[in-house]
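Bear in mind these aren't lab numbers, they're just calculated from the coordinates by the rules spelled out. Bear in mind that the values here come from a model prediction, so they are computed numbers and not experimental data. In this analysis, Cβ positions are derived from the backbone assuming ideal geometry, glycine residues included, and neighbour counts consider all displayed protein chains.
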Amino acid sequence: MPSRTRKTELPYKAKANIDVLMGEEEPPTAPLMLPIDSISLPSSQPRRYFDPVKMEQLVQSIKNHGILENLLVRPLTQLENQYELVAGERRYQAAQEAGLKEVPVTIRELTDEQALQVSLVENLLREDLNPVEETEGILQLLAIRLSIPVTDIPNLLYRMQHEAKGKVAQNVLGNEQGQGIMAVFDELGKLSWESFASSRLPLLKLPPDILSALRAGKIEYTKAQTVARVKDTDLRQSLLESAITLDLSLSEIRERVKALQPQVTTESPKATIQSITRRLSQSKIWSDPKKWKQVQALLKKLEALIPEEQAEEPAEEQLTEQVNSKEEPAEEEKPTEQVNSSSE
């Protein structure tokens, strides 16, 4: 059985992948110091959340030992002596909190696409990403590699999944896009494309409040999925808050979800028929010839199910009589009035 990769090895694996992306076998060995205020964050930074406890630990480490791994930056062509951060946002923010005036950097000339790829790969190869960040990062990376919109990636993965299961014959797996997707997952080495399609893509369909909690690392993925079963927004948000503040277990969350589900009440067959008949009479459905024709056809089918010895009166005639009795009560009284007046 192959040995499990240690966490401490991941940054080196990330660096190796970054070097491949930039076409360099070995990074420069001499560190260069830059003023920290000459470095800015890119407009589309893949990472959104950092664990505050781990961030504080890193701040203390930087205060005691400095930054042990260079930040990766690229020069901003439109601004002199200004740089954009490509990889190392956590170290960059921790250095700011630690009060550092200068930071060690490696400067590389990168296009916008290269910079985004490097940033994504560097983040994805670390083990402290939450599922939402990792899923969205992989989708972004796939979109860049395949040169298609991010919104097209899920459908492409679902087509590959259906083809692999023999449900369709679209030949996606063997084409250039399919091979490109497989190459990205092989490069990352974290999970297969099949696992990503089946377990990660559904994550993006979770309600916004659940996704926000996941991004912030406040709740585990399996617990979030269970909370999401509650469709009522207010009830779901209340349960989500309880799950986080009380640190509810998965079984406790399931019990609460079960208690919140609407209770289905069953009524007797006779009550069901009476209810439908009453609603039909009140709806005046006969005013629409097309709908009334459909009702008549359905009534004939119902009548055919009733044994002859139990059928006192055709169902259609019964409903028609009810309709007439509700529609024309005044017309039935008028002749009586006329007869009485004439007899006088």
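Provide the gained length on full extension for the span residue 113 to residue 254, in nm with one decimal, where the gain is 0.36 nm per separating residue minus the Cα-Cα distance. Working shown, then result.
On the way: separation 141, 0.36 × 141 = 50.76 nm, distance 4.38 nm.
The span from residue 113 to residue 254 would gain 46.4 nm if fully extended.
Mind ordering 146-155, 133-142 by average Cβ neighbours within 10 Å, highest first?
Details: 146-155: 13.1, 133-142: 21.0.
So the peptides 146-155, 133-142, ranked by packing, come out 133-142, 146-155.
Sort 193, 286 by Cβ crowding within 10 Å, fewest neighbours at the top. Could you put the intermediate results ahead of the total?
Numbers: 193 22, 286 18.
By the 10 Å Cβ count, ascending, the order reads 286, 193.
Residue 57 versus residue 82, label points 7 Å from Cα toward the beta carbon: distance in nm?
Distance between label points: 3.6 nm.
Identify the trypsin sites (Lys or Arg not before Pro) of segment 109-170 meeting these criteria: DSSP loop state and at most 13 other C-beta atoms within 10 Å of the C-beta.
On the way: sites: 126, 145, 159, 165, 167; in loops: 126, 165, 167.
Of the trypsin sites (Lys or Arg not before Pro), the ones in loops of segment 109-170 whose Cβ has at most 13 other Cβ atoms within 10 Å are 165, 167.
D for segment 85-193, whole µm²/s, Stokes-Einstein with Kirkwood Rh over alpha-carbon pairs at 10 °C and 1.306 mPa s: what number?
It comes out at roughly 100 µm²/s.
Got a sec? How would 65, 162 order by Cβ neighbour count within 10 Å, fewest to most? Mind dumping the intermediate values first?
On the way: 65 8, 162 15.
The most exposed by this proxy come first: 65, 162.
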